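Accompanying notes for the structure given below.
The values are calculated or read from the model by the stated rules, or taken from the named source; none is laboratory data. Just so you know, these numbers come straight off a predicted model, no measurement behind them. FYI the Cβ positions are ideal-geometry reconstructions off the backbone, even for glycines, and counts take in every protein chain you see.
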Amino acid sequence: MSDVLTATRVRKEFGGLLAVNDVDFTIPTGKIVSLIGPNGAGKTTFFNLLTGVYTPTAGRIDFDGHQVAGEPPHVITKLGVGRTFQNIRLFPQMTAKENVLVGMHARMNAGILGSIFGIPRVRREEREADKRARELLAYAGLRGRDHHLARNLPYGDQRRLEVARALATKPKLLLLDEPTAGMNPQETVTFMEFVSTLRDEQSLTILMIEHDMRVVMGISERVTVLDYGEKIAEGTPQEIQKDERVIEAYLGRGAGT
Amino acid sequence: MSAPRRGPSNERLERFARQWGLVLAVVALGFLYPTYVGWLKGLPLVGDYFPTVGSMVIMTVFTMMAVGLNIVVGYAGLLDLGYVAFYAAGAYTAAWLASQQFEQVTFHFGSVGVAPTLSGIHLSIWLVLLIAGLFTTIVGILIGLPTLRLRGDYLAIVTLGFGEIIPQFVRNGDNVGGFDLTHGTFGISPIDSPGFGSGLSSLGLPDNYRQSFEAERLFFYTALALLLVTVICSVRLRDSRLGRAWIAIREDETAAAAMGIPLMRTKTWAYALGAFFGGVAGAFYASFKSGAFPADFYFNISVFLLCMVILGGMGSVWGVVIGGMLLGYLNAEGLATIGSKLSSSTGIDFEPSKYQFGIYGLIIVVMMLFRPTGLVSERRRKLELEEGVHDEPLYASQRE
């Protein structure tokens, strides 16, 4: 199986608005894939379709051998899709470590009675989760931030915490929605190096929405371009850069000539 | 930690003492209250303000309900304005299973102080408490499944509706297809007393609470034990996988779902567990009062319990215990004591108990102005105060 995710003719209408128009899309296992397009092209909507926040109007989405279109988010997360959000959505009043622990929810088994009576199995699970949460925080570059409230972390650290939290769900596919938005060039470079290492060390597949073309062209192995809800191009960064329709979508008709 | 090495047991003991020392002291003081209340009441000036043991029972039971409600409102952030429904469900379970209500049958099991020929179902109150809890849990799940899909204000309104439906049902339940289920506005009375029966009296356990010379004291000890169990369960749950999921949902539902938390199931559990403690408290209270009357289950009880939670500090178990005891005291006898003191010393004819809900409202308004997180802030809210907060939100929190 070489594609971790295949979307077939996925369509999403909001009333009369066609946000995603019969998009076919595949993510090859182990690659870093970028989804780009002008504002309002339907990128985030497409993300939300993949993660179950929205139910597609039509079409199917196959992830790792399961048809996931229309499944609720927690089911899709459990199957192995982790995500971050465009406007950071941490649990602001929880500490960094607690945020990561929440990410482990689907991978833990403690029940209500077990938790109340503190049976050994639950206690062991808590200890292990705690240890793993601290490791993940350190891995994401947040050493020593365990007990800081998420809302009080600096912006870049909040982005990293979102990734750490997504990693805690043990994803096979990690979706990053504009991970470098609001970062300065230096932060962007460091962050992208982190994403690269992630893919290599955690054997992940990564799909990201990104606006920064240097980032997209620098890191992705494959780029898909959406415009007005339609896929207008797909290919390697080099191919995309030369594509007429992409240039037209970004710069307007006639700009390419 | 570079502290000198200690034996692990020693260290654990120390941590235990630090964590629970104060709690144990308070619990001990609580259990000893009946022994020194006489002395307290003898004190000059302030003596009259100390609650009687009977009032303490009521305060403790209501505090137990507030701690249960705190699971729903404080942890999971689900505004429930109909908690009184669970109190009613618990009280009526006790009324059905430990009284002469169903005179068609005669079934006795472990009941005390009841003639064996008396008609009706008479189960041991201890068993009834458990059954009431489980029954109320089921009621909670049944109410929760359709309503918990709603958010915020809409949820509050629907729970308010259910909080009215159940008391209305018991008020009119004296003719359910010709069957007298709830005895209508008269309520069901008397309800059997708790007790351990004569078999266990050799162990020092009381035979029958109500026939004992120190009935109030026994009820108080039991209520306090029930509250203690509720608090322990509540703290354990808060620090568990489920508790984190509740708080995550309170903070951001969409993100919580994206982290693999099943929203409906997790919210329903909050509702069901909150209901469980409400049901047990309701059943115990019904046995204490020896009756379940529809007039006890008005909307104002829901609001009263919510006031306890807000005053104490939403999400903070110890805060809710303090808030519950405080408001419970004012309600049970505090306001009346203050009123009579006031009129006897100044001659002004003022009865604060007539204005009780105005007074609770005022307390809440003052709290919101000066200490919005409650008397005892939840740990994470305290962290926020200590660490300081960025003035501007870093991200828009609107729904995608």
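Just need a number here: residues in region A:130-156 that are farther than 29 Å from residue A:196 by Cβ and either surrounded by fewer than 14 Cβ atoms within 10 Å (Cβ to Cβ) or touching a Cys at 6+ places or on another chain (Cβ under 7 Å) (or both). Of the residues in region A:130-156, 1 are farther than 29 Å from residue A:196 by Cβ and either surrounded by fewer than 14 Cβ atoms within 10 Å (Cβ to Cβ) or touching a Cys at 6+ places or on another chain (Cβ under 7 Å) (or both). Of the strands (runs of 3 or more DSSP E) lying entirely inside region A:1-96, those carrying at least 3 residues that are within 14 Å of the chain's Cα centre (by Cα) are A:32-36, A:81-83.
Restricted to region A:84-95, and to residues that are out of contact with any strand residue (DSSP E or B) (no Cβ under 8 Å at 6 or more places or on another chain) and either crowded, with 17+ Cβ neighbours inside 10 Å or hydroxyl-bearing (Ser, Thr, Tyr) (or both), which residue is farthest from the other protein chains (Cβ to nearest Cβ)? Result: A:90. Residues that are among the aromatic types (Phe, Trp, Tyr) and in a helix (DSSP H, G or I) were ranked within region B:164-200; the one that is farthest from residue B:110 (Cα to Cα) is B:169. Only one of the numbered conditions (1) within 14 Å of chain B (Cβ to nearest Cβ); (2) part of a helix (DSSP H, G or I); (3) surrounded by fewer than 19 Cβ atoms within 10 Å (Cβ to Cβ) is violated by residue A:161, and that is (3). Taking each residue of region A:115-127 that is of a type outside the set (Phe, Trp, Tyr) and looking for partners that are not in a helix (DSSP H, G or I) with beta-carbon atoms closer than 7 Å, six or more apart or interchain, yields A:115/B:240; A:122/A:110; A:125/A:108; A:125/A:109; A:125/A:110. For beta carbons closer than 6 Å, sequence separation of 6+ or different chains, a first residue in region A:66-83 that is away from every other protein chain (no Cβ under 11 Å) and a second that is outside any strand (DSSP E or B), the qualifying pairs are A:66/A:79; A:68/A:76; A:69/A:56; A:70/A:55; A:71/A:52. Being among the polar types (S, T, N, Q) and either in contact with a helix residue (DSSP H, G or I) (Cβ under 6 Å, 6 or more places away or on another chain) or over 14 Å from residue A:227 (Cα atoms) (or both): is that true of residue A:44 here? Here the answer is no, as residue A:44 does not meet what is asked.
Just checking, how many residues over region A:111-129 are within 11 Å of another protein chain (Cβ to nearest Cβ), surrounded by fewer than 16 Cβ atoms within 10 Å (Cβ to Cβ) and not in a loop (DSSP other than H, G, I, E, B)? The qualifying residues number 3.
Matching residues to (1) under 18 Å from residue A:94 (Cβ atoms); (2) assigned to a helix (DSSP H, G or I); (3) more than 12 Å from the chain's Cα centre (by Cα); (4) within 14 Å of chain A (Cβ to nearest Cβ):
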{"residue": "B:257", "(1), (2), (3), (4)": "yes, yes, yes, yes"}
{"residue": "B:264", "(1), (2), (3), (4)": "no, yes, yes, yes"}
{"residue": "B:267", "(1), (2), (3), (4)": "yes, yes, yes, yes"}
{"residue": "B:276", "(1), (2), (3), (4)": "no, yes, no, yes"}
{"residue": "B:281", "(1), (2), (3), (4)": "no, yes, no, no"}
{"residue": "B:285", "(1), (2), (3), (4)": "no, yes, no, no"}
{"residue": "B:295", "(1), (2), (3), (4)": "no, yes, yes, no"}
{"residue": "B:305", "(1), (2), (3), (4)": "no, yes, no, no"}
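Every condition in (1) at positive phi; (2) surrounded by 17 or more Cβ atoms within 10 Å (Cβ to Cβ) is met by residue A:223 except one, and the failing one is (1). Taken over region B:231-255, the criterion of being of a type in the set (D, E, K, R), surrounded by 20 or more Cβ atoms within 10 Å (Cβ to Cβ) and more than 7 Å from chain A (Cβ to nearest Cβ) is satisfied by B:238, B:250.
In region A:184-197, the residues that are in a helix (DSSP H, G or I) and loosely packed, with under 15 Cβ neighbours inside 10 Å form no Cβ pair under 6 Å with any partner that is modelled with pLDDT of 90 or more and charged (D, E, K, R), whether six or more places apart or across chains.
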